[in-house]
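Enquirer: The structure that follows is given in the form of structure tokens.
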Amino acid sequence: AQSVTQLDSQVPVFEEAPVELRCNYSSSVSVYLFWYVQYPNQGLQLLLKYLSGSTLVKGINGFEAEFNKSQTSFHLRKPSVHISDTAEYFCAVSDRSLRAGGGNKLTFGTGTQLKVEL
Amino acid sequence: DTAVSQTPKYLVTQMGNDKSIKCEQNLGHDTMYWYKQDSKKFLKIMFSYNNKELIINETVPNRFSPKSPDKAHLNLHINSLELGDSAVYFCASSQVVGTGNHEQYFGPGTRLTVT
């Protein structure tokens, strides 16, 4: 079983300031890690993912995240935010072992509302 | 072209009614999913189908019945709707076999309100 914790339910930040959204996970098996963004009244869009290799992954819209296995964390960062980054951000995991016939469920955190202010 | 589409976008109905939500993906993916997002925005998987075969069923009441007529479609039928079924339902798809991608593509969601 897996679980994902996003400690910050809301993060207010001024435009052009840096931001970090925290994500910690718990799993008895190796996992893949994802960050999704949800703009108001829209579906989820993938920001970035960690499957293997370099622990620093870069995504769309200037976001990046670092996988830290020892701390079981996958924090999301952006050096300078824009008003248009205001959205809900979800961290998610799926286990690496494919079920018979395929299909891995995503286990989501509770989300962090990023609010960028002028 | 919309990759994953859902109809309807909004659905308002009364308790006890039966309703369906349709999902279609034009990405050629082999796996489709239904997720439920509650009023606190918590997302939880309900079902997953691979090539029309049910492979994940996450302790969902049997009033919910997914149906996959082909691998591009996954519909969700809900019987005897209850107030607690009010939520946003998201369909998603992914290509599991042969890509190693593991990315799930989400539809725009269907906001179901039960009164």
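Enquirer: May I ask you to list the residues in the stretch B:93-104 that are facing chain A (nearest Cβ under 8 Å) and touching a residue at least 24 places away in the same chain (Cβ under 8 Å)?
Expert: Here is the first cut: in the stretch B:93-104, the ones facing chain A (nearest Cβ under 8 Å) are B:94, B:96-97, B:100, B:102-104.
Scanning the stretch B:93-104 gives B:94, B:96, B:97, B:104.
Enquirer: Now for a different question. Just one of the numbered conditions (1) more than 23 Å from residue B:36 (Cβ to Cβ); (2) in a strand (DSSP E or B); (3) away from chain B (no Cβ under 14 Å) is not true of residue A:25; which one?
Expert: (1)
Enquirer: Right, something else. Can you list the strands (runs of 3 or more DSSP E) found entirely within the stretch B:5-88 that contain at least 2 residues being within 14 Å of another protein chain (Cβ to nearest Cβ) and open to solvent by 70 Å² or more (accessible area, probe 1.4 Å)? Outline the logic, then answer.
Expert: Working: elements: B:10-13, B:19-25, B:31-37, B:43-50, B:53-57, B:64-70, B:73-78.
Here the list reads B:53-57.
The values are calculated or read from the model by the stated rules, or taken from the named source; none is laboratory data. Source: prediction; values computed, not measured. Glycine gets a Cβ as well: all are built from the backbone with ideal geometry, and neighbour counts include every protein chain shown. Calculation scope for accessible area: heavy atoms of the full protein, side chains included, ligands and nucleic acids excluded. Shrake-Rupley method; radii C 1.70, N 1.55, O 1.52, S 1.80 Å.
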